[in-house]
Each structure stands twice: as C-alpha cells, then as structure tokens.
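Here is the structure we will look at.
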Amino acid sequence: MPLEHSRIRTFEDYQDAYRRSVENPEQFWADVAEPFTWRRKWTSVMKADLVGGHNEWYGGAKLNITENCLDRHLAARGNKLALIWEPNDPKTRQIRYTYRELHQQVCQFANVLLNNGVEKGDRVCLYMPMIPQLAIAVLACARIGAVHSVIFAGFSSTAIADRVNDAQASVVLTSDGLNRGPKQIPVKRVVDEALEHCPSVRRVIVVEHLGWPVHMQEGRDVWYHEEALEAAKTCPAEEMDAEDMLFILYTSGSTGKPKGVVHTTAGYMVWADYTFRNVFQVEENDIYWCTADVGWVTGHTYLLYGPLLNGATTLMFEGVPTYPDAGRFWEVIDKHGVTVFYTAPTAIRSLMATPLDNVLSYSLDSLRILGSVGEPINEEAWHWYHTHVGKERCPVIDTWWQTETGGVMISALAGVSPTRPAHAGQPLPGVQPVLLTQEGQEIEGNDQEGYLAIKAPWPGIIRTTYGDHERTRQTYFGPYPGYYFTGDGARRDENGLYRIIGRVDDVINVSGHRFGTAEIENAINQNANVVESAVVGYPHDVKGQGIYAFVICREGACNTAADKPHVEASIIETVVAEIGKIAKPDKIQLVSGLPKTRSGKIMRRILRKVAEGETGNIGDVTTLLDPAVVEEIINGRK
Ligand code: PRX
C-alpha cells in the first residue's frame, strides 16, 4: 500500500532513515522509489552536480506521473474520494470525485488537449480559478506529456504575457470568470489582453464557470464543454523519461524578471510522495486540506501531486478565509471532517485579528494535524493556531521549503519529531542543511546562525530555469559552489532545530508570496511620473512583510501636497497593471533623492532601517554621495 511504504512512524524510524539517506543515498532513494508504477526502471539513481546545477534522478527510467496519481489506485481505491471541491459560496454545490471519476475526467481533458493539437513537450499555461477543472487540467497535461505552467489567477495581463512568452506556450487554459469572496473577476478578459502580446499562442480553451458571456476569438478560442462532447474518457498515458519536464512555475528572484523554475518527472514525483506521507503522517481515512492556490508550488505539491500519489482525499477550496465571514475555514473543516489542515501564517494572522468567536463557535473535533508554510510563523500566531484551532491536541508543523526544492525540506514530522514554536525543526531524510558564513565557511555546532545552504542533492531539486540554465547555476550554485544556496538565513538552536529567519537577498515575502525588490521597482518605474524608485520590505502585522517604496518623481509631477495622493494612486495602479494586486506597495514615500554611494549604488540598508522605523540607528552615512538626503527621508517617513 502506498501509504505504508518507506513510512516513518517513530523518532527512531526518522533517525534511522536519515542516517541511511546520508550514508547511502542511492540505495535509500532506490528503495523509496520501488513501489511506483514504472514503465521501465532507472539505470542510475542520481547524478549530483552542485557546481553546474546539472542534477539528475532516476536516469533511464520511463513513467507517467498520472499513472501513479490515478491508475495505480483504481483497483484498491477506485471508489475512494480523491477530490472534494468546496465552492466560494457555501450555499452552492460541492463537487466530489472518486479516484475512478477523477481518472475519467483527466482522461477526457487530456483528449481535448490532444484533439486541439497539444503534443508532448508543448508548454500549456493555465490561468484559472480554484475549480476542479484546474486540478484536472494540470493532470491532463501531465497525462499527455505537455508541460504545465500555472499562473496564479491574481496576476495582471502584463505578468501573464511575460510568463506565456518566456515559456513560448502554444495553448492557454482559462475560464470565463472567477469568484474571490464577494468579488467576481473576468478572467478571460485579462487573458485576452495578455494574448495581444503573445504570438506563440494558437489555442485558448475556456472552461465555463460563472456562465458569463465572453468574447471568443474565431479560430483561436474554444469552449471546453463543447470540446469535451467528443472526447473519450479513456486516454493512454504518454511514456515520459525520468528527466522530461513536468512543469514550469514562475517565481521571483532578486533580479527583475521572474524565472521559470523547472521540475522534471521522476524525482519530483518521488519527493512529493515521500514528503507528503511522512511530514503529514497521513492515514487512509484522512480528509486533507491544503489552502494554497494551485498557482503556487504548495498547491502543486501538497494539494495535488503529493496527496494523489498517496491515494489520499484532498480538498480544494475556491474561496477566501473571510467570506462570507471570518469563520469560513473552520466551517469548511467541520463540514467536511477535515483531519489534516495546511495553511499559511498570513491567513492565521488575518483571522487572529477577528473576534475569537469566529473560531470558537466551531467544534474542529476532526482535526489531528496542523501545518504552516510559506513564511516564518511568529510565536503569537503559532500559539493561537495551536490553542484555538488545534485545541492543544494537534501537532503544529512548520514546513520550510521553496518553489525550487519541489517539496518540504525542513520540518517536524507530525507527532513524530520535536516541535518548537516558530522553528521548522529538523531536515527530512535526504536533506543535508548547513549554515555558512558570508565567505562560505560551514559553521559547526548548535546555537549558531548563518546562510542556509544544502550540501547534497535531493530528488526534488530544481533542474533548471526555463531557457536559461546559467541563471540557475548563478543563483543557486554560483554563490557557494558545491552547495545549493537557499537565499534564506537561519538559526540552528541548541538542540539542532532550524529556525528560518528570512531572506538574505533582495526578495520580499509578502503573505507568503515572493517578490524581488527589482521586480517591483521595474513596475513602479513604468509610471510616467517616476524617475527612480527603491523598494524594501518592512515588518507587517498580517502580511509578514509589507512593501515600502521610496520614489523620486519627475520634475513637475508632484509640485504641491495636493498632487501627492494622485501620484501615489497612479503608482499603485501601475504596479497592479504590471504585476497584480498582490504586489501593491503598502507605503509609498515620495523623496527628492535616494541614499547612494559615490559609485551610484543605493544603500538599501538605510532604507530598510527607515522602513522598519529604526531611524535612531541608521549607521554610518559618511560614504554617501549626499548624506543630507537621509535626513529628508527620515523626516518624511510614513
Ligand atoms: O524565505 C523562505 C520562505 O519562503 C521562501 C520560498 O518561497 P516560495 O518559493 O514562494 O515557496 C513558498 C512555499 C514553499 C523561502 O525561501 N518560507 C517558506 N516556508 C517557510 C519560509 N520561511 C520560514 N518558515 C517557513 N516555514
């Protein structure tokens, strides 16, 4: 049974598995991979390269991940629920698919893709609401060997166009509209705007969701439900190489342009499966709910692939935590008997800020395990989650990982290994974290802090950045050759538990979403009023980090105090148009200059201090070209 294989049940099991994974990784990962459905077994388990970043797993193997997510469960779990869908509006219809039904749905969608000319290796971009067809479409791509690239449906048309063009996608999947709490958003219209700039796209398949009329471009756009009429519910799975691309997922880095993180088939599959089972300690009858959107990596690995590979029941939620009221998460948990719940600190913090009755009026008796992901969880949020949601009986696991790692890297295994508030804990088997000094020396011993790096490859490691391997090499392997560099700082406590402190590069984590400061600055600089800008993060009660933008305006753009709100609003509008609402600056300060060194480099350290309100402790400003500018910035602080 998939749930029992390479299963860690006790702390001794964990220690034993960890030791084996370090002493003989090839044997360890060969054993873990044994029970999958392989069309052909691998000839080599791993090829490690933490210098050039050419890592490979299960070389020579042939498989299809959907046979492992679906087909192999049909005999024993055909009638078990695979997917439960909870709509935005609690009064409307839920959808439930058994493994057999989901298999049929995926096959049917796969046939629609095939009938529309999608071939193995083609890139398909998805810009869709959190509806079952999104899950089905992702799996349908994998079924026929097309590479899926899901774009979170909150990104703007410009951001969509950037991603579609980078991936050179030939097909886009979307819907007429989407529900987000009380709002409805015309998704197809956003896609239409984007595609004006995307010559590679020849077909758009539209899923009907809200029943809205949309413009269908002759020769390019088709309705899914019409295409499905002629599509069979069986579809043989394409045979893939272990290292064939499974998906591209765009994420921000410290430079301006989002990068397409590439994961391949076999290693990602093994990693998603193994980490899901052991981190969440899932049992056959669990109802598991990950609140992440499929547009982010958490939705890929822990809403879809991990649970389905394990034959688990996964819940997908269309809405938001505060609609129709701030008790919605808890209502959904009681309604469906959710046993394992995985969400983000930002959601917890936003719900903590509402009256406690919102949570106390639900029983939450079904829950047994709580998880957190995406950003550091502060102690207050950890305790609130543990006390009021978990009723002090559910372990809270704080899972640290990244889009690039494919799955969880550092976390307690629920109920098995020790937890400490605000600490992710110990590494998973196969993960060898180290703390480095800035110069790249390993820091030995406990009670230490440094740059977090990983010194051996694991099956889910990033394979490349789409179309630009050099970027992968430079970003992850260049800083400290021989290590995968995470970009995070961490502390190892006296017992060896890791606490993630935050990014050490120019990446801001807003509500668990990554943005490069350069990416937001590029967007702001598109505004006609703007000459230059500098963006930094600052502590934010709900979002974890907020976005603080210092902006120099063009002469004449902002002459009077009355101009300011207009200029600021127009800057926000530009960011929303360039990236999306999720990247909206929380604070904009118009300044006449930025603190620059004589060589023209912006001293972000100073801006960060101002944004954090630590203006009494700015540090040395003597190397600045114009130290007076600092005084002005401090005085104008928002
Ligand atoms: O800074 C870390 C933070 O989120 C970054 C990865 O972001 P992303 O690729 O979008 O993936 C998010 C979901 C896996 C990391 O570099 N991060 C993620 N999880 C945690 C975290 N920071 C602290 N604690 C966590 N549990």
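The values are calculated or read from the model by the stated rules, or taken from the named source; none is laboratory data. Note that the coordinates shown come from a computational prediction; the quantities given were computed from them, not determined experimentally. Backbone-built Cβ (ideal geometry, glycine too); neighbour counts: all protein chains shown.
Numbers at a glance
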| quantity | calculated |
| --- | --- |
| Test: residue in region 505-513 that is over 27 Å from Ala353 (Cα atoms), surrounded by fewer than 24 Cβ atoms within 10 Å (Cβ to Cβ) and within 16 Å of the ligand (Cβ to nearest atom) | yes |
| Positions within region 591-610 being of a type in the set (Lys, Arg) and part of a helix (DSSP H, G or I), in sequence order | Arg604, Arg605, Arg608, Lys609 |
| Sole residue being under 30 Å from Glu318 (Cα atoms) and either more than 26 Å from the chain's Cα centre (by Cα) or not assigned by TED's automatic domain parsing to the domain that holds Gln426 (or both), chosen from Ala61, Ala17, Ala30, Ala110 | Ala110 |
| Number of the exception - Thr517 against (1) among the polar types (S, T, N, Q); (2) within 16 Å of the ligand (Cβ to nearest atom); (3) outside the structural domain of Ala569 (by TED's automatic domain parsing) | (3) |
| Complete set of residues in region 344-365 that are part of a loop (DSSP other than H, G, I, E, B), away from the ligand (no atom under 16 Å from the Cβ) and either within 24 Å of the chain's Cα centre (by Cα) or buried (at least 16 other Cβ atoms within 10 Å of the Cβ) (or both) | Tyr362, Leu364 |
| Positions within region 229-274 being more than 14 Å from the ligand (Cβ to nearest atom), under 17 Å from Glu404 (Cα atoms) and in a loop (DSSP other than H, G, I, E, B), in sequence order | Glu243, Asp244, Thr255, Lys257 |
| Single condition Glu380 does not satisfy, out of (1) assigned to a helix (DSSP H, G or I); (2) under 30 Å from Ile248 (Cβ atoms); (3) charged (D, E, K, R) | (2) |
| Among (1) touching a residue at least 40 places away in the same chain (Cβ under 8 Å); (2) farther than 21 Å from Ala140 by Cα - the single one Lys80 does not satisfy | (2) |
| Test: residue in region 396-403 that is more than 30 Å from Thr475 (Cβ to Cβ) and either away from the ligand (no atom under 16 Å from the Cβ) or among the hydrophobic types (A, V, I, L, M, F, W, C) (or both) | yes |
| Test: residue in region 409-416 that is out of contact with any Cys (no Cβ under 8 Å at 6 or more places or on another chain), more than 15 Å from the ligand (Cβ to nearest atom) and either over 30 Å from Pro258 (Cα atoms) or of a type in the set (Asp, Glu) (or both) | yes |
| Search result, residues across region 611-629 that are of a type in the set (A, V, I, L, M, F, W, C) and part of a loop (DSSP other than H, G, I, E, B) | Ile618, Val621, Leu625 |
| Residue in region 613-621 that is more than 23 Å from Pro258 (Cα to Cα) and in contact (Cβ under 8 Å) with a residue 24 or more places away in the chain present | yes |
| Residue identified as at pLDDT 95 or above, in contact with a helix residue (DSSP H, G or I) (Cβ under 9 Å, 6 or more places away or on another chain) and not basic (Lys, Arg) among Glu101, Glu119 | Glu119 |
| Selection status of Val282, surrounded by 23 or more Cβ atoms within 10 Å (Cβ to Cβ), over 23 Å from Pro539 (Cα atoms) and in contact (Cβ under 8 Å) with a residue 12 or more places away in the chain | yes |
| Residue within region 536-544 that is crowded, with 24+ Cβ neighbours inside 10 Å, in contact with a Lys or Arg (Cβ under 8 Å, 6 or more places away or on another chain) and not in a strand (DSSP E or B) present | no |
| Count - residues of region 417-430 that are touching a helix residue (DSSP H, G or I) at 6+ places or on another chain (Cβ under 7 Å) and within 16 Å of the ligand (Cβ to nearest atom) | 4 |
